[in-house]
Amino acid sequence: MPRFFINSKDIFDDNINIKGDDYNHIKKVLRLKCGEIVTLSDGVGNEYEAKIEEFGDGFVHSKIIKSYKNSTEPPIKITLYQGLPKADKMDFIIQKSVELGITRIVPVLTERTIVKLANEKDASKKCERWNRISQEAAKQSNRGIIPEIEIPITFKEAVKQAKDYALSLIPYEKEANNSLKQILRSVSDIKEASVFVGPEGGFTEQEIEEAVSFGINSITLGPRILRTETAGIAVLSILMYELGDVG
């Protein structure tokens, strides 16, 4: 059954109007007809099965058949603080993280970040694009929410945010004592967590020290060095298996 995200403002009584790009997709790509059923999500966990009633000027009018709560969201909310990588790696990271169940992604500007943002307009433009990727991935993977991709912040701002999480992790290739396995054995009933991943070149020793000073756990992921586009996906997969609903 075709699935779309809608704005809660477009829900009235037992009716929902589908607008924007989805209007064109329904009419011109999928070529759906009146009487066909679609699944609609308001992006905050509410789902609707609705029947297409008519095609208006720039919108599809549908009538709600039934409503229910989305059941695909994981029991743990995870934020990924991702060191801003080069080229289109961020696109891949967003797509796969959303599929795995991430709640929020915050791009981070670190000492070794190569990508330069010209100004706020440039940052906003990138952020809009990243959020479109998040929405498409959320739609494809049956998510009940659209994970937000925020405006890039500095590393110092990121660690200050992360100190409030019950569990915060920062993989570091020089860490010799704390493993992710050990950390997870020592925690239980975690509802929120954060994960830091460095850009190409990783974090500096000073950044790791600063993170640890804010209570963030420096961990090793094993003897092999993972790329920036691999590390976050690996940690997220493990967290979703141990603390979430994967497996």
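The values are calculated or read from the model by the stated rules, or taken from the named source; none is laboratory data. Quick caveat: nothing in here was measured; it's all calculated off a predicted structure. Backbone-built Cβ (ideal geometry, glycine too); neighbour counts: all protein chains shown.
So in the stretch 50-70, with the set limited to residues that are in contact (Cβ under 8 Å) with a residue 12 or more places away in the chain and in a loop (DSSP other than H, G, I, E, B), which one is nearest to the chain's Cα centre (by Cα)? Restricting to residues being in contact (Cβ under 8 Å) with a residue 12 or more places away in the chain and in a loop (DSSP other than H, G, I, E, B), the top hit is Asn70. Within the stretch 25-49, track down each residue that is over 12 Å from Phe4 (Cα atoms) and not in a strand (DSSP E or B). Once the filter is applied, which keeps residues that are over 12 Å from Phe4 (Cα atoms) and not in a strand (DSSP E or B), the stretch 25-49 yields Lys27, Lys28, Val29, Leu30, Arg31, Leu32, Lys33, Cys34, Gly35, Glu36, Gly45. Residues that are on the phi > 0 side of the Ramachandran plot and in contact with a Phe, Trp or Tyr (Cβ under 8 Å, 6 or more places away or on another chain) were ranked within the stretch 195-247; the one that is surrounded by the fewest Cβ atoms within 10 Å (Cβ to Cβ) is Gly247. For Pro223, the conditions (1) in a helix (DSSP H, G or I); (2) more than 20 Å from the chain's Cα centre (by Cα) all hold with the exception of (1). Sort out which residues of the stretch 80-92 are of a type outside the set (S, T, N, Q) and touching a strand residue (DSSP E or B) at 6+ places or on another chain (Cβ under 6 Å), and write them in order of number. Listed by number, the residues that qualify are Leu80, Tyr81, Gly83, Leu84. The test for being among the charged types (D, E, K, R) and surrounded by 14 or more Cβ atoms within 10 Å (Cβ to Cβ) holds for Asp22. Is one or more of the residues making up the stretch 76-90 out of contact with any Cys (no Cβ under 7 Å at 6 or more places or on another chain), acidic (Asp, Glu) and at pLDDT 95 or above? Checking the stretch 76-90: not a single residue is out of contact with any Cys (no Cβ under 7 Å at 6 or more places or on another chain), acidic (Asp, Glu) and at pLDDT 95 or above. Any idea which residue in the stretch 130-164 is nearest to Ala193 (Cα to Cα), counting only those that are in a helix (DSSP H, G or I) and of a type in the set (Asp, Glu)? Checked the stretch 130-164; the qualifying residue nearest to Ala193 (Cα to Cα) is Glu157. When the stretch 158-194 is filtered for residues that are farther than 20 Å from Ile76 by Cβ, charged (D, E, K, R) and surrounded by 14 or more Cβ atoms within 10 Å (Cβ to Cβ), the ones remaining, listed by number, are Glu173, Glu175.
Residues that are under 30 Å from Lys156 (Cβ atoms), surrounded by 14 or more Cβ atoms within 10 Å (Cβ to Cβ) and not hydroxyl-bearing (Ser, Thr, Tyr): does the stretch 55-74 have at least one? There is at least one residue in the stretch 55-74 that is under 30 Å from Lys156 (Cβ atoms), surrounded by 14 or more Cβ atoms within 10 Å (Cβ to Cβ) and not hydroxyl-bearing (Ser, Thr, Tyr).
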